[in-house]
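Here the structure is laid out as structure tokens; the discussion comes afterwards.
The values are calculated or read from the model by the stated rules, or taken from the named source; none is laboratory data. If you're wondering where the values come from, they're calculated on a predicted model, not measured in any experiment. Please note: Cβ atoms are built from the backbone with ideal geometry, for glycine as well, and neighbour counts cover all protein chains shown. Just so you know, the surface numbers come from the protein's heavy atoms only, side chains and all, with ligands and any DNA or RNA stripped out. Shrake-Rupley method; radii C 1.70, N 1.55, O 1.52, S 1.80 Å.
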Amino acid sequence: MSDHSDSDEHDPRAGDSCCGPDCCNNKLDRRTFIQLAGAGAAAVSGMSYLTACAGPFSRKDTVDHFIPIDKKLSSEWVASLFERGDRTWYSGQELETVGMPVGGICAGQVYLTGDGRLRIIDIFNQYANSGYGAVNYREGRTATQMVVNTGEIIEAPSLDQGFAIEVETGGNKLVRTIDASGFPNVRFCGEYPIGTVEYVDSDFPVAVELEAFSPFIPLNAADSALPATVLAYSLRNTSAEAVRVTLAGWFENAVCYHTDQEAGVSAHRRNSVIRSEGITTVMGSARLEEDPLPPNYRPPTVFADFEGDSYGDWTIEGDAFGSSPAAGTLPDQQAVTGFQGEKLVNTFLEGDATTGKLTSPEFTIERPWISFLIGGGAHSEQTCINLIVDESVVRTASGSNNEQLLPHNWDVSDLAGRTARIEIVDAVTTGWGHINVDQIEFRDVPMRRDLGDLNLRPDIGTMALTVLGAGTALSSPVLPTGTMPGALFATEGLQTAQPQDLSSDGALRGAVGRTLDLAPGETAEVTFVFAWHMPNLYFRDSKVGNFYAGRFGNATDVVRYVAANRDRLSGDTQLWHDTWYGSTLPWWLLFRIHSTAANLATA
């Protein structure tokens, strides 16, 4: 059950031993067991206070075998593993750490949080090595946090997106966001591929239930790889009066999300309302353009290009830099790319074992930008380049655990006229304990990354939010400014008739919804589809494309396919769900086995 090889405390050769303080006299609740056993029995029903430890053991138990043949497990606990159990619902603080993938297999990543929001929307073909399980599954990590390739947990970029409900009853309008802030009683059941979220409030006349999924149909790979998330909301009038309900969703047009943050490039976004029978869609697109150079632009001044046979008048400390710049990739190093010319600063001498510092001569800051190319380790303040003024670090930058050098720009307009120097530091001897730097320039404008054909950027494409079904459909290509859900239900917000297209160089929030009347006790369903189409997927420097891009021309095509095949896609997904979870095997085992299938829908 547990690895007893870490220390004498857990080593049966050291005497009687078992799995922790008080040994097996300690009764374990479910979460403690999961921590000890490696997380997989989260849904075991009825085992909350059963002994889940092996042992105790003595030396004679391991005379001829380090791991005892007889694990001395509690027969009561072993028997509980074979109990069928029941489905598991999560609520309260448990919801904060729930994140379930609800995108298509190898089609991008969208997570459903414990309160039914869509978060960590990673659909833009970005390669992000998020580290290993010890980091990814760290206790307490929330569904709005992501792991970057440094192993650090940070708040994930958040698109302005969500759903809300407005109820007219007795001459009053009641508005709630459909999440934990709008409904105090929320509970979540995650049975991949379907996540179910229930929203109930005794003070609100409508109960809401959400089923969210992307079609998952074993032996049908194409339809299991759709870039779409289906969100089916069931609404039930729990009051004694008839009510009018408007259920709506909004989304931020985030096409070109990453490229738009690159220096010298701007995304001009456009939202279009597209209507056809049973379908009302707001599709977001974007056009990329390079920013024009300012008047009186001066070419950059190269401060250091590291193309010489030595570092010139730079001062060398330690042994990480050698006596001269490196000619590209060093022995046993991953391919170094993105530098200019033939040489660069590369401290991967003898691997990551060396340390040192390289310091420039003093100079006067006369231009508003200092720019350079940087790669290598992401150790903040340890594998870095620093700008020093009056013996203090006033600007710093590190790599991102990647050997590709990318532009980095310091705005130093506030330091004009000051005397400064630059230092490059390698103070780390562990993994990624090196830094790559090249082409330090003084500039009037930030250094631009060579993006090539802007139409081939990984994050260019389309995204869409659709409401399905007949009846009164509402839409808005661009919502007014303001917080949600107020802007959603404002007079100038959702309407039955709107301009078909609106463009903006700023943020665009589009929305769709549906209005319906419910008699007391009546139930109705409103289904949305969130879809995307980003065709330019790259593996290293080669464009491989996304499988779905060979089937569909844009996000609206995806929506039309889902709508036309809705009953089959939903029915087959539900059939797999019911077949799997209707098995006679224990629920905890079904959950554990299926967790690896869920990983296919992550990035």
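For segment 81-117, the list of chymotrypsin sites (Phe, Trp or Tyr not before Pro) that fall in a loop by DSSP and count at most 11 other C-beta atoms within 10 angstrom reads Phe82. Whole-Hz Karplus values for segment 446-458 come out as x, 5, 9, 6, 6, 8, x, 5, 4, 6, 9, 5, x Hz, taken residue by residue from phi with 6.51 cos²θ - 1.76 cosθ + 1.60 and θ = phi - 60°; glycine and proline positions read x.
Counting only residues at least eight positions apart within a chain, or on another chain, the aspartates and glutamates with an alpha carbon under 12 Å from that of Lys60 are Asp16, Asp70. Remark: segment 174-223 carries a charge dipole of roughly 80 debye about the Cα centre, counting +1 on each Lys and Arg Cβ and -1 on each Asp and Glu Cβ.
A simple charge model with +1 on the Cβ of Lys and Arg, -1 on the Cβ of Asp and Glu and nothing else charged puts the dipole of segment 58-175 at about 320 debye relative to its Cα centre. Positive contributions from Lys and Arg (+1) and negative ones from Asp and Glu (-1), summed over other residues with Cβ under 12 Å from the Cβ of Pro325, come out at -4. Among the listed values (1) 26.8; (2) 27.9; (3) 25.5, the one matching Kirkwood radius over Cα pairs in Å as calculated from this structure is (2). Around His594, what is the net charge, scoring Lys/Arg as +1 and Asp/Glu as -1 over all other residues with Cβ under 15 Å from its Cβ? Every neighbour counted, the sum reads 0.
Here the accessible area is traced with a 1.4 Å probe on the protein chains. For the chain, carbon and sulfur cover 49 percent of it. For the pair segment 428-494 / segment 161-176, the C-alpha centres are spaced 29 Å from each other. For Lys343, a cut-off of 29 angstrom between C-alpha atoms picks up these lysines, skipping any fewer than 8 places away in its own chain: Lys357, Lys543. Compute the separation of the alpha-carbon centres of segment 76-93 and segment 255-302 and state it in Å as a whole number. Value for the Cα centre distance between the two parts: 50 Å. Taking other residues whose beta carbon is less than 15 angstrom from the beta carbon of Ala156, and scoring Lys, Arg as +1 and Asp, Glu as -1, yields -2.
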